[in-house]
Structures are given as C-alpha cells and as structure tokens.
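**Q** Before I ask anything, here is the structure I am working with.
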Amino acid sequence: MTKVKISLEERRARLRECLLRIAPATHLSELDELVNAFEPADFPKKYLLLKEGDFSDNVYFICKGLLRNYYIKGNKEINHWITKEDMLLAAAYTLATGNKNFINYETLGDTYVLKIKYTTLESLYAKYHSLEYLGRRIVEVYYAAFMKMTFDILFLSAEERYSLFVKTHADLLNRVPLKYIASYLGIYPETLSRLRSKH
C-alpha cells in the first residue's frame with residue numbers, strides 16, 4: 001500500500017484552521033508567523049515520540065495519524081489519552097514544571113506532524129498579545145477536556161463511558177486496538193467486548 005504524505009502547505013493550512021477555531025479573533029498576520037514557524041516531521045508506526053524520563057520542549061500538531069499516551073504501572077501499560085488528527089501534543093507536565101516526563105507517547109500508525117520548540121512559542125507569545133491569548137485558550141481547552149475525562153472515569157459506569165466514547169470518538173473504534181480503548185476507558189477487555197456486543 002502506498003503511503004499518502006501530506007504537503008507542508010496542507011499541514012500548515014490545517015494547523016491554521018484548527019487554531020482559528022480555538023481563538024477566532026487571532027490577528028491573521030501574527031497567526032501566519034506562528035504557523036510558518038512549525039516544521040514538518042514524519043514518524044513510523046510504533047515510534048516512541050516521547051519516553052518516560054525524557055525532557056522535551058517540542059509541541060506537535062497531528063496532521064495525520066494517531067498516538068496513544070500511556071504510563072507504566074508495575075508491568076502494565078495504562079492508556080490515558082488518544083491523540084488524533086487536528087490535536088496538539090506536548091509533554092505538558094515537563095513544560096510546566098521542568099521535571100522529567102512520566103508519559104510515553106507512541107504512534108499507532110504512520111504519523112505526520114508539524115512541530116515547534118516551546119521556546120519559540122513563548123517568544124511569539126511575548127511578541128504578540130493575540131498569540132498570547134491563543135496560547136491561553138489552548139491550555140484552557142485542553143485542561144477542560146482533561147477534567148471532563150477525569151470526571152467520566154471517576155463517576156460514570158463502564159457502559160456510560162463506552163456509550164460516550166462511541167458518541168464522541170466513533171472514528172477511533174476501527175483505528176485503535178481494542179485493548180488500548182479498554183485501558184483508556186478504565187475497563188477490562190472482556191468488559192469492552194461485552195459492551196460492544198450489546199450496541
């Protein structure tokens with residue numbers, strides 16, 4: 001099967017569109033300066049983009065592909081986030097604290113991204129107020145998503161979590177191995193199989 005690559009222009013156009021959805025009032029000339037500072041990178045399936053114990057100051061925008069974010073407890077991998085197209089990815093804990101990253105980020109297929117150094121982002125935030133606002137909005141949007149996911153894991157039943165996943169991430173059901181989805185939902189693979197057979 002031929003791999004379909006994405007041109008730099010298309011990648012940057014997707015990033016620009018995504019950022020404008022987050023902060024529509026961003027000044028376009030300033031946004032273009034930010035978008036043009038991102039560079040392309042390609043990674044094969046099963047590539048560890050970031051490893052536990054690493055320090056990383058890269059921010060990635062996923063143009064095509066998937067990543068699973070997981071940590072290891074004992075000898076078990078716990079998946080806690082799935083990053084797909086038009087999403088941003090960074091070792092947020094490392095960037096915020098300067099401490100080592102404790103999450104592994106692994107590609108689930110050939111993955112095409114744009115990337116930028118966080119220091120470059122910070123310099124652009126300092127230069128332009130509208131980009132600083134955009135940066136704040138990005139943090140707010142992702143923090144809200146993380147809080148909602150935490151609430152769902154703590155307070156929804158396994159069936160409710162699965163139904164919500166189907167409603168909001170139906171596109172992932174045939175793209176992500178079921179064992180990773182089960183781990184992400186905090187349930188056993190057998191429970192996931194039972195829930196799938198009921199729907």
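**Q** Inspect region 17-37 for any residue being part of a strand (DSSP E or B) and touching a residue at least 40 places away in the same chain (Cβ under 8 Å) and give the result as yes or no. Talk me through it step by step, then tell me what you get.
**A** So in region 17-37, the residues part of a strand (DSSP E or B) come out as none.
No, every residue in region 17-37 fails to be part of a strand (DSSP E or B) and touching a residue at least 40 places away in the same chain (Cβ under 8 Å).
**Q** Given (1) at positive phi; (2) at pLDDT 95 or above, where does residue 64 come up short, assuming only one miss?
**A** (1)
**Q** Any residue that is out of contact with any strand residue (DSSP E or B) (no Cβ under 8 Å at 6 or more places or on another chain), buried (at least 17 other Cβ atoms within 10 Å of the Cβ) and either over 16 Å from residue 59 (Cβ atoms) or not hydrophobic (A, V, I, L, M, F, W, C) (or both) - is there at least one of those in region 82-98?
**A** Yes, there is a match, as at least one residue in region 82-98 is out of contact with any strand residue (DSSP E or B) (no Cβ under 8 Å at 6 or more places or on another chain), buried (at least 17 other Cβ atoms within 10 Å of the Cβ) and either over 16 Å from residue 59 (Cβ atoms) or not hydrophobic (A, V, I, L, M, F, W, C) (or both).
**Q** Being buried (at least 17 other Cβ atoms within 10 Å of the Cβ), hydroxyl-bearing (Ser, Thr, Tyr) and under 25 Å from residue 43 (Cβ atoms), is that true of even one residue in region 124-134?
**A** no
**Q** Moving on to the next point. Scan region 6-25 for residues that are out of contact with any Pro (no Cβ under 8 Å at 6 or more places or on another chain), over 18 Å from residue 87 (Cβ atoms) and open to solvent by less than 60 Å² (accessible area, probe 1.4 Å) and jot them down.
**A** 7
**Q** What pairs can you find where one residue is in region 123-150 and touching a residue at least 40 places away in the same chain (Cβ under 8 Å), the other is open to solvent by 90 Å² or more (accessible area, probe 1.4 Å), and their Cβ atoms are less than 9 Å apart, with a gap of 6+ or different chains?
**A** 124/132; 128/27; 130/27; 131/27
**Q** Taking the condition of being surrounded by 15 or more Cβ atoms within 10 Å (Cβ to Cβ) and part of a helix (DSSP H, G or I), how many residues in region 164-199 meet it? Quick ask: steps written out before the conclusion?
**A** First pass over region 164-199, keeping only residues surrounded by 15 or more Cβ atoms within 10 Å (Cβ to Cβ): 164-165, 169, 172, 176, 180-187, 191-192, 195.
Still in the list and also part of a helix (DSSP H, G or I): 164-165, 169, 172, 180-185, 191-192, 195.
Residues that pass the stated criteria total 13.
**Q** For region 104-117: of the residues being under 16 Å from the mean Cα position of the chain (by Cα) and surrounded by fewer than 19 Cβ atoms within 10 Å (Cβ to Cβ), which is nearest to residue 14 (Cα to Cα)?
**A** Once the filter is applied, the top-ranked residue is 115.
This table checks each residue for (1) touching a strand residue (DSSP E or B) at 6+ places or on another chain (Cβ under 6 Å); (2) open to solvent by less than 50 Å² (accessible area, probe 1.4 Å); (3) of a type in the set (Ser, Thr, Tyr); (4) within 21 Å of residue 65 (Cβ to Cβ).
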{"site": "145", "(1), (2), (3), (4)": "no, yes, no, yes"}
{"site": "154", "(1), (2), (3), (4)": "no, no, no, no"}
{"site": "159", "(1), (2), (3), (4)": "no, no, no, no"}
{"site": "162", "(1), (2), (3), (4)": "no, yes, yes, no"}
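**Q** Moving on to the next point. Quick check: is even one residue across region 59-78 among the aliphatic types (A, V, I, L, M), over 15 Å from residue 183 (Cβ atoms) and loosely packed, with under 15 Cβ neighbours inside 10 Å?
**A** Quick first cut of region 59-78, residues among the aliphatic types (A, V, I, L, M) only: 59, 62, 66-67, 72, 78.
This time we only want the ones that are over 15 Å from residue 183 (Cβ atoms), so: 59, 62.
In the following step, the residues that additionally are loosely packed, with under 15 Cβ neighbours inside 10 Å were identified as none.
Checked against the condition, which is being among the aliphatic types (A, V, I, L, M), over 15 Å from residue 183 (Cβ atoms) and loosely packed, with under 15 Cβ neighbours inside 10 Å, region 59-78 yields no hits at all.
**Q** Return a yes/no flag: does region 121-133 have any residue that is in a helix (DSSP H, G or I), closer than 16 Å to residue 80 by Cβ, within 20 Å of the chain's Cα centre (by Cα) and not basic (Lys, Arg). Write out each step before concluding.
**A** To start, the set of residues in region 121-133 that are in a helix (DSSP H, G or I) comprises 121-127, 129-133.
Next cut, closer than 16 Å to residue 80 by Cβ only: none.
Taking every residue of region 121-133 in turn, none turns out to be in a helix (DSSP H, G or I), closer than 16 Å to residue 80 by Cβ, within 20 Å of the chain's Cα centre (by Cα) and not basic (Lys, Arg).
**Q** What single numbered condition from (1) hydroxyl-bearing (Ser, Thr, Tyr); (2) under 15 Å from the mean Cα position of the chain (by Cα); (3) at pLDDT 95 or above fails to hold for residue 143?
**A** If we test residue 143 against (1) hydroxyl-bearing (Ser, Thr, Tyr); (2) under 15 Å from the mean Cα position of the chain (by Cα); (3) at pLDDT 95 or above, just (3) comes out false.
The values are calculated or read from the model by the stated rules, or taken from the named source; none is laboratory data. Keep in mind it's a predicted model, so treat the numbers as computed, not measured. Note that we place each Cβ from the backbone using ideal geometry, even for glycine, and neighbour counts take in every protein chain shown. What goes into the accessible areas is simple: the full protein's heavy atoms, side chains included, and nothing from ligands, DNA or RNA. Shrake-Rupley method; radii C 1.70, N 1.55, O 1.52, S 1.80 Å.
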